[in-house]
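Notes follow once the structure below has been shown.
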Amino acid sequence: MKRVSLTQHLVEEQRLHSNIPAELRLLIEVVARACKTISHAVGKGALGEVLGSAGSENIQGEVQKKLDLLSNEVLVEANEWGGQLAAMASEEMETIHLIPNRYPKGEYMLLFDPLDGSSNIDVNVSIGTIFSVLKAPDGMGIPTEKDFLQPGNKQVAAGFAVYGPQTLFVLTTGDGVNCFTLDREMGSWILTHRDLRIPADTKEFAINASNARHWHPPVKRYVDEMLAGKTGVRGKDFNMRWIASMVADVHRILNRGGIFMYPADAREPDSVGRLRLMYEANPMAFIVEQAGGAATDGRQRIMDIQPKKLHQRIPVFLGAKDEVELVTGYHREALGS
């Protein structure tokens, strides 16, 4: 079997579809290289003294782990000097990170969640990195937060890495979804899953059931119908899967089908969800749609949402298209629309 590297794949995609110019290819390669560095640190665990809390909080008010800060630093340092970026934004940083003046500036902007699934770090469960790439607006001077506030349909690339039994790099540039596996001995990303498609028929769903008492009626209705199994309106049994690591849950859905849900709930009346639109929802929605699925906030397509702020949060329903449309329909019905 011929082994196709990430670089070869990107070059061939550019020849076929003209959707990966040289600057974007180099940017993706740099992000992938940074993910290899993070994977190495994750693999070391306690041996590398990277487990545990860093004793600080991020802009979201969440306690940061040592690996959160290390991963953020790796991605920032790897992407500063290459000349492909105008600026970066991270879930772990309060505002955008400008490219230092000593380096050339590029036409792209990078957003990332450096380490998704932080609660799993210390118990050796799969975690990952999520990233999104936007084009800088025409005529942009010194980048500002406002320049990043583009809807997800403006993304030119998105992807995630999974640091699990194998280290995987899942990528879309707008023409399908491909998955690369890290050959640890060679240090190279090899194409192992081409054109991933979410199976339409599903018997799995992912949600944090401990919050069931707080769910709004449309979510309760949808989950109750699945839990009713063969005797209910769905006429079949469902299994619940919840890894508490979005990258791992979404990767399972890409391979086995299903739906991932992180809804808003009644605990905070003004709350509009928990996941970050720019760092998590948009890139995952892009990937899922490119794999034949759907992604909404319960009312509308996620990638059509106009961001209002850099760290905006939203509810998320993504995965198999029919399932997402069903639970979204329940929300619309409840709203009378």
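The values are calculated or read from the model by the stated rules, or taken from the named source; none is laboratory data. Just so we're clear, the structure is a prediction, and the values are computed from it rather than from any experiment. So basically every Cβ, Gly included, is an ideal-geometry build from the backbone, and we count neighbours across all protein chains shown. To get the accessible areas, we keep the full protein, side chains included, count just its heavy atoms, and leave off ligands, DNA and RNA. Shrake-Rupley method; radii C 1.70, N 1.55, O 1.52, S 1.80 Å.
Annotations
- Any hit, segment 104-112, residues being among the aromatic types (Phe, Trp, Tyr), open to solvent by 20 Å² or more (accessible area, probe 1.4 Å) and farther than 19 Å from Ser39 by Cα: no
- Checking Gln166 against (1) touching a residue at least 24 places away in the same chain (Cβ under 8 Å); (2) touching a strand residue (DSSP E or B) at 6+ places or on another chain (Cβ under 6 Å); (3) not hydroxyl-bearing (Ser, Thr, Tyr), the condition it does not meet: (1)
- Filter result (assigned to a loop (DSSP other than H, G, I, E, B) and open to solvent by less than 70 Å² (accessible area, probe 1.4 Å)) within segment 286-321: Ala291, Gly292, Gly293, Asp297, Gly298, Ile305, Pro307, Leu310, His311, Gln312, Pro315, Ala320
- Residues (at pLDDT below 95 and surrounded by 22 or more Cβ atoms within 10 Å (Cβ to Cβ)) located in segment 174-188: none
Let's see how each residue does on (1) farther than 20 Å from Thr167 by Cα; (2) in contact with a helix residue (DSSP H, G or I) (Cβ under 9 Å, 6 or more places away or on another chain); (3) open to solvent by less than 60 Å² (accessible area, probe 1.4 Å); (4) among the polar types (S, T, N, Q):
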| position | (1), (2), (3), (4) |
| --- | --- |
| Val11 | yes, yes, yes, no |
| Asn19 | yes, yes, yes, yes |
| Val31 | no, yes, yes, no |
| Ile38 | no, yes, yes, no |
| Lys44 | no, no, no, no |
| Gly48 | no, yes, yes, no |
| Ala78 | no, yes, yes, no |
| Gln84 | yes, yes, yes, yes |
| Glu92 | yes, yes, yes, no |
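- Looking across Ala244, Ala285, Ala266, one residue alone is at positive phi and among the hydrophobic types (A, V, I, L, M, F, W, C). It is Ala244.
- Flag if Phe260 is assigned to a strand (DSSP E or B), open to solvent by less than 30 Å² (accessible area, probe 1.4 Å), closer than 16 Å to Val177 by Cβ and among the hydrophobic types (A, V, I, L, M, F, W, C): yes
- Comparison of Val324, Val272 shows that the only residue that is in a loop (DSSP other than H, G, I, E, B), over 19 Å from Leu110 (Cβ atoms) and of a type outside the set (Lys, Arg) is Val272.
- The set of residues in segment 242-254 that are assigned to a helix (DSSP H, G or I), open to solvent by 10 Å² or more (accessible area, probe 1.4 Å) and free of Cβ contacts under 8 Å to residues at least 60 places away in the same chain contains only Arg252.
- Of the candidates Ile130, Ile121, the single residue that is touching a residue at least 24 places away in the same chain (Cβ under 8 Å) and open to solvent by 10 Å² or more (accessible area, probe 1.4 Å) is Ile121.
- All of (1) farther than 24 Å from Ala244 by Cβ; (2) modelled with pLDDT of 95 or more; (3) open to solvent by 10 Å² or more (accessible area, probe 1.4 Å) hold for Ala157 with one exception: (3).
- Only one of Leu171, Leu191 that is surrounded by 16 or more Cβ atoms within 10 Å (Cβ to Cβ), at pLDDT 95 or above, of a type outside the set (Phe, Trp, Tyr) and over 19 Å from Met278 (Cα atoms): Leu191
- Filtered by the rule that a residue be surrounded by fewer than 15 Cβ atoms within 10 Å (Cβ to Cβ) and either of a type in the set (Lys, Arg) or assigned to a loop (DSSP other than H, G, I, E, B) (or both), segment 229-241 gives Lys230, Gly232, Val233, Gly235, Lys236, Asp237.
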